[in-house]
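Below you'll find the structure, written out as structure tokens, and then a few comments.
The values are calculated or read from the model by the stated rules, or taken from the named source; none is laboratory data. These numbers come from a predicted model, not from an experiment. Every residue, glycine among them, receives a Cβ derived from its backbone with ideal geometry; neighbour counts consider all protein chains shown. Heavy atoms of the whole protein, side chains included, go into the accessibility calculation; ligands, DNA and RNA do not. Shrake-Rupley method; radii C 1.70, N 1.55, O 1.52, S 1.80 Å.
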Amino acid sequence: MRKWETLNGIVKVGLVAVVRAENSETAVKIADACLAGGLAAIEITYTVQDATAIIKELSQRYEGKIILGAGTVLDPETARLAILAGAQYVVSPGLNPDTIRLCNRYQIPCMAGIMTVTEAIEAMELGVDILKLFPGEAFGPKMIKAIKGPLPYASVMPTGGVSLDNVDEWITAGAVAVGAGSQLTAGARTGDFEAITDYARKMIEKISMARQAAHR
């Protein structure tokens, strides 16, 4: 999948599932549940043991069906491992220029974490495709409007604190997509993967409705 196709796929659905699974078996079940709910954008975080192996397995199992990313990537070495394993985009909680340069070298979309307008400008100058506003709950949707005031062309994706209760507020504020983790995947802790499917479907529906309302 080409870089622009990956980015367009993420923006189209408007939602990325941030997965912190205990093992590859659980990760596969979460991916199945998300796909059943219409959510193809899955991010495996490097807080998970054997994350590289999980990314490789999911990449092979769901080839052509999934938009697979690596999350919590702190350095270029980890980014390269993830890309070789099949990651189609890289997400970082902070701003690491070397990681961004590596992703640009291999034409892999990079979403670097930012908290200020200064960091947003630096990230865009380095070639970051989507700015990850993190942690989202520390700012709220108003922060996107604050960033897009001086930077109306910035593409922002909040992660952290995004839920079914507030996702429409984030989209209305100008988010191109959102990242959802613990609330979306909560069912995995009790084996209720149908709950993940239901939550993903409802999130996507609410994102679509918020976008439609914003363009009226």
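Below is a table of values for the structure above.
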read-out	value
Residue list for the range 100-110, filter: in contact with a strand residue (DSSP E or B) (Cβ under 6 Å, 6 or more places away or on another chain) and either open to solvent by 40 Å² or more (accessible area, probe 1.4 Å) or over 13 Å from LEU68 (Cα atoms) (or both)	ILE100, CYS103
Selection within the range 71-91 - open to solvent by less than 10 Å² (accessible area, probe 1.4 Å), in contact with a Gly (Cβ under 9 Å, 6 or more places away or on another chain) and under 26 Å from ILE147 (Cβ atoms)	GLY71, TYR89, VAL90, VAL91
Counted residues, the range 117-151 - those being open to solvent by 60 Å² or more (accessible area, probe 1.4 Å) and either closer than 19 Å to ALA210 by Cβ or of a type in the set (Ser, Thr, Tyr) (or both)	5
Candidates ILE171, ILE196, ILE207, filtered to the one that is farther than 17 Å from GLU43 by Cβ and touching a residue at least 40 places away in the same chain (Cβ under 8 Å)	ILE171
Any chance ILE42 is in contact with a Ser or Thr (Cβ under 8 Å, 6 or more places away or on another chain), on the phi < 0 side of the Ramachandran plot and open to solvent by less than 10 Å² (accessible area, probe 1.4 Å)	no
Cross-chain or 6+ apart pairs with Cβ under 9 Å, the range 116-131 first and in contact (Cβ under 8 Å) with a residue 40 or more places away in the chain, then surrounded by fewer than 18 Cβ atoms within 10 Å (Cβ to Cβ) and in a helix (DSSP H, G or I)	ASP129/LYS3; ILE130/VAL11
